[in-house]
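Since every read-out is calculated from the coordinates, none of them should be taken as a lab result. Since the model is a prediction, treat every value here as computed from it, not as a measurement. In this analysis, Cβ positions are derived from the backbone assuming ideal geometry, glycine residues included, and neighbour counts consider all displayed protein chains.
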Amino acid sequence: MQRSLTISTAALIAGCIFVAAVYGCAGSQASHEISVGRLALLTGNPAQSLQHFEQAAALDANNHSTPLQESAWTYVARAHYEAKQYSLARQALDRALVVNPDDAMAQLYLGLVSARTAINENSRKQIHAGLQAVDERVDYIKRFTPVGEFWDPAGRLSAGLQTSINSVAAQSDWAGALPQIERLTLELENEIDAAQRDESYQRRGGSGGSGDM
């Protein structure tokens, strides 16, 4: 009886280790797909990026591998948005916000999608709230994460966020700020890589602070 119990316990432990390994492998693969997809997105190839982001969502929809804490579904939405597929972008954003209701970038893109469908008070409020959420997330990154000291060292992106927040809050001709906000989202995405490069450079013995160059 004791031997049987020991065997069962060992089998249970082995099963748990196997499941953990599978999920860990899926998470690692999802992070890789997001990394490749981000490169395609930032180089103006949303169709190619979409393939990688959808694969990441299939592997691990809960993956939040970047400092901005965007899920795979948020990236799927961003690829659709860049391709002007706003209905599909909204569907992906709905899924992203189920995964993480506090996903700041998903909140912002929900407003941008709404504005691209109809310029009205509701879309203005959504964009304003999304910009504030992103600004708070960037402030958190700077103050409370290891990469924070390398993030937006000159404060250019934070200043851009504040300008956009003020533009949308003004209510008059706020839709004119949409192209600026769209550029800012890509600049924020680029900052992820710039901060990582600066951190890596400093660890190798160089001096940081090139992220805003």
Scalar couplings 3J(HN,Hα) for region 91-103 by Karplus 6.51 cos²θ - 1.76 cosθ + 1.60 (θ = phi - 60°), nearest whole Hz, x for Gly and Pro, are 4, 5, 5, 4, 5, 4, 6, 6, 4, 8, x, 9, 5
Residue-ordered couplings for region 29-36, obtained by feeding phi - 60° into the Karplus form 6.51 cos²θ - 1.76 cosθ + 1.60 and rounding to whole Hz (Gly and Pro as x), are 5, 5, 4, 5, 4, 5, 4, 5
The extension gain from Ser87 to Arg116, computed as 0.36 nm times the residue separation minus the Cα-Cα distance, is 9.4 nm
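I need the peptides 181-189, 41-49, 167-175, 107-115 ranked by packing, meaning the mean over residues of other C-beta atoms within 10 angstrom, with the highest value on top.
Numbers: 181-189: 17.7, 41-49: 15.9, 167-175: 14.3, 107-115: 23.8.
Packing proxy ranking, top to bottom: 107-115, 181-189, 41-49, 167-175.
Would you please put 28-38, 138-148 in order of how densely packed they are, using the mean number of other Cβ atoms within 10 angstrom per residue and starting with the highest? Let's see the in-between values first.
Details: 28-38: 19.9, 138-148: 14.9.
Packing proxy ranking, top to bottom: 28-38, 138-148.
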Dividing the mean separation of Cα pairs under 8 Å (6+ apart) by the residue count of region 79-134 yields a relative contact order in percent of 33 percent
Residue by residue through region 156-169, the couplings from Karplus 6.51 cos²θ - 1.76 cosθ + 1.60 with θ = phi - 60°, in Hz, x for Gly and Pro, are 5, 5, 4, 5, x, 5, 5, 4, 5, 4, 5, 5, 6, 5
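Taking N as the number of residues in region 2-203, what is its Cα Rg relative to 2.2 N^0.38 Å?
Numbers: Rg = 19.6 Å, N = 202, 2.2 N^0.38 = 16.5 Å.
Against the compact-globule rule of thumb, the ratio is 1.19.
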Full extension between Arg143 and Asp102 adds, at 0.36 nm per residue less the Cα distance, a length in nm of 12.9 nm
With the 8 Å Cα cutoff and a minimum separation of six or more residues, region 2-203 has a relative contact order in percent of 13 percent
Projected onto the charge dipole of region 2-203 (unit charges on the beta-carbon of Lys, Arg, Asp and Glu, signs +1, +1, -1, -1), the Cα from Ile127, Gln55, Pro153 with the largest positive-side position is that of Gln55
